[in-house]
1. Suppose R0 equals 30 Å. What FRET efficiency, 1/(1 + (r/R0)^6) with r the Cβ-Cβ distance, do A:Asp124 and A:Ser66 give to the nearest 0.05?
2. Count the net charge of all other residues whose Cβ sits under 13 Å from the Cβ of A:Val267, scoring Lys and Arg as +1 and Asp and Glu as -1.
3. Please compute the average number of Cβ atoms from other chains found within 10 Å of each residue's Cβ in peptide A:136-146.
4. Can you give the FRET efficiency to the nearest 0.05 for B:Ala31 and A:Lys111, using r as the Cβ-Cβ distance and R₀ = 25 Å?
5. Across peptide B:342-351, how many C-beta atoms of other chains are within 10 Å of each residue C-beta, on average?
6. B:Ala285 versus A:His162, label points 7 Å from Cα toward the beta carbon: distance in nm?
7. How large is the dipole of the protein assembly as shown about the Cα centre if only Lys and Arg carry +1 and Asp and Glu carry -1, each at its Cβ, rounded to the nearest 20 debye?
8. Are there any GluC sites (Glu not before Pro) in the stretch A:165-202 that are in a DSSP loop and have at most 12 other Cβ atoms within 10 Å? List them by number.
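Every number in this text was worked out from the coordinates using simple rules, so none of it is lab data. Every value quoted in this text rests on a predicted model; they were computed, and no experiment measured them. Glycine gets a Cβ as well: all are built from the backbone with ideal geometry, and neighbour counts include every protein chain shown.
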Amino acid sequence: MPVLRSVWLVLALVLIWGVPPARAEADHGAIAEAALTNVIRPGYAAFADATTALDGRVQALCDEPSAQALDAAKKTFAEAVKRWSRVEIFRFGPVNRKRRYDRLFYWPDRKGIGLRQVQRALADKDESVILADTLADKSVALQGLPALEYLLYGDGADALSHAEPEIGFRCSFAASVATNIDRIAHAVTEGWREGADFTKTFLSPGPDDPLYHAPKDVTLELFKAFTSGIELVRDQKLGKPLGTSPETARPKLAAFWRSGLTFPNMVGNLEGARALFAKGGFAEVVAEESPGVENSILFDLDRVIKVLSAVDQPIAEVVEDQAQRNKLEALRVALKSARETASSMIARGAGLSFGFNALDGD
Amino acid sequence: MQLDRRVFLASLAGTAAALAVPKSVAAAFKAERFAAARMDDRGIYSAALFDLERGDLRAVELPARGHDVALRPGGSEWVAFARRPGRFGVAVPMNKRPPIWFESKPDRHFFGHGVFSPDGRLLYTTENDYDHGRGVIGVRDATGGYKQIGELDGYGVGPHDLALLSDGRTLVIANGGILTHPDSYRDELNLNTMQPSLVYADLETGDLLEEHKLARDLHQLSIRHLAVAQNDTVVFGCQYHGADEDTPPLIGFHRRGEQPVVVQTPSTTQTALHNYIGSVTADAAGGIVAASAPRGGLITYWDVAARRFLGTCELGDGCGLAPTHHSASFLLTSGEGWLATGEADGTLSRQSSRYHWDNHAILVR
């Protein structure tokens, strides 16, 4: 048995010289499992709980309008937005089916087209928007959190607290949007449950799977959610409204400026990215690469989260306030360094192909 | 008014609503089709025609990494090119006919870019005559199976991107200036003496019409990619091969008969570009140009008439750019898999895909 003999020989050599310190590749299956059970599933479940409460409160407001009822509806809206923000960075899976992502969160609405659609539906008293069943087939811009935000906080929303017949349509529209949001949130939760098709692919992808061919592809997907989540806050959520000066600032590009949830939304996005890093297995990958660096990444993220959480002015005032601007610009630098450090280490540690265009130029 | 296709299509989400819209109206808002080269997660290279609603409309597997794609006027087919130093090209019909493969001559290789004559009959490709260290423009007959019928002088070393001016006869070539030889793969052999140039040549006679070199201290600024924007303003993007601590301007503007002007971005952005522009594209109206910086993960936007920097948006490993049907709006593609619509104001909406999108993309009009 020459083969067996050579195996023994190799084994003997290994025993003599010791096993080279080859680092095992990251455990991709464990990363997917951790991300799903510690971050994704609880994140969507929390969101769906909040949308159910929201649906109930908006319905209650329509049944019995009052200042308190409007207030309660707004509070549940704020909670739903915060919880959505934590899962907003995930652009894959069930939320990617049936245009659910855009239906939940049509943003940015650059030219105010979504806003105009909502206003037109209000002005025309378009009956098809007050039933959740028919709303689901309408423009995505009429269906989600930004539309509901306008209905609850936009021009004329205060009247929702009075029992006037004129305002009944607006409230019914809001109620159907809330129901629609709740249905989508539950459909996403359902799509991630144990044994669901996507869950199976996500946890144990096979070579014939159209989405992910190998466990490493899932790690890449999560990695992209992490890095693009930070990019999203740094560039689109903070950078674009701030502009380069108070004169070039565009506060109305900010997400959720009407409800004053612009900063909670960013905080939620970063909490989502942080959770994915800390509880989804990436911190371990970084620690393996360079022990201690995972903590400095978390330190950066935590600091940004803390400062953003403490902003209590509306974005329109913040962009005019030079001291605030300086503070936020500094946060953008911190986010950039966290993103760059984390992404290069995760990419190396998890063996992800990265920098397809950047690395080998042409 | 420009309607936002994203909203319009979204409003057609329900089939009942879709049926209510006349076909002719819906056609005007059909999702733009694009074409680009890419790699999947298994390392398989392909080029595809796709849109953002339905994904792939037709894909062709490539033997190796591709680079740019050229659309044949008339819209009957698109051609994907091998990335340097590759030798293959493939013309893919819009209908179901099989693709037509072609190769560079044995002593040439492609640089990855090509352009058709306005009548769609001839294809011009940048190629390397590497044994003589000079760039050439291969001429192929698209009506005859892409058989090579001639060769023009590229008037420089390392011709890369090329385009036609609006007269349909003047070819503008970005000569990167870097000498490479397939025997030493992608090594750059002349960085100390390199002399990039922007060259205009007559398509029909092959004559040199105009040649521009950058200032002496910018001789290591390789002119690589270009786009012809409004009023035949050529906007070019560069890659710097000098000292890392330098941050030279990377975007230049030129009109025939004038001197090229290179324009700096604000200093923080300039550093973030990492001295590398990967792709340059003009928007539908030609008034705004996007230039990608994949090493910096940034897309920059430029006002062509004012020759002014407008701003950026972030996109990790973002490189491929194509116009959409709307002005100031671009398709942005990324090696990380993102397909995004970016506006010149820096706003961005992205979606995830399963591919590492390669350096370039085109709008299939």
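1. Working: r = 28 Å, r/R0 = 0.92.
So the FRET efficiency works out to roughly 0.65.
2. Working: positive: A:Lys82, A:Arg83, A:Arg86, A:Lys237, A:Arg274, A:Arg303, A:Lys306; negative: A:Glu88, A:Glu271, A:Asp302, A:Asp312.
Once positives and negatives cancel, what remains is +3.
3. On the way: counts 2, 8, 6, 10, 6, 5, 3, 2, 0, 0, 0.
Mean partner-chain Cβ count within 10 Å for A:136-146: 4.
4. 0.85
5. Values: counts 0, 3, 0, 6, 7, 10, 7, 7, 5, 5.
That average works out to 5.
6. Placing both labels 7 Å along Cα→Cβ, they lie 4.4 nm apart.
7. Working: 78 positive and 91 negative charges, 174 e Å.
My answer is approximately 840 debye.
8. Working: sites: A:Glu166, A:Glu190, A:Glu194; in loops: A:Glu194.
For GluC sites (Glu not before Pro) across the stretch A:165-202 that sit outside H, G, I, E and B with at most 12 neighbouring Cβ atoms in 10 Å, the list reads A:Glu194.
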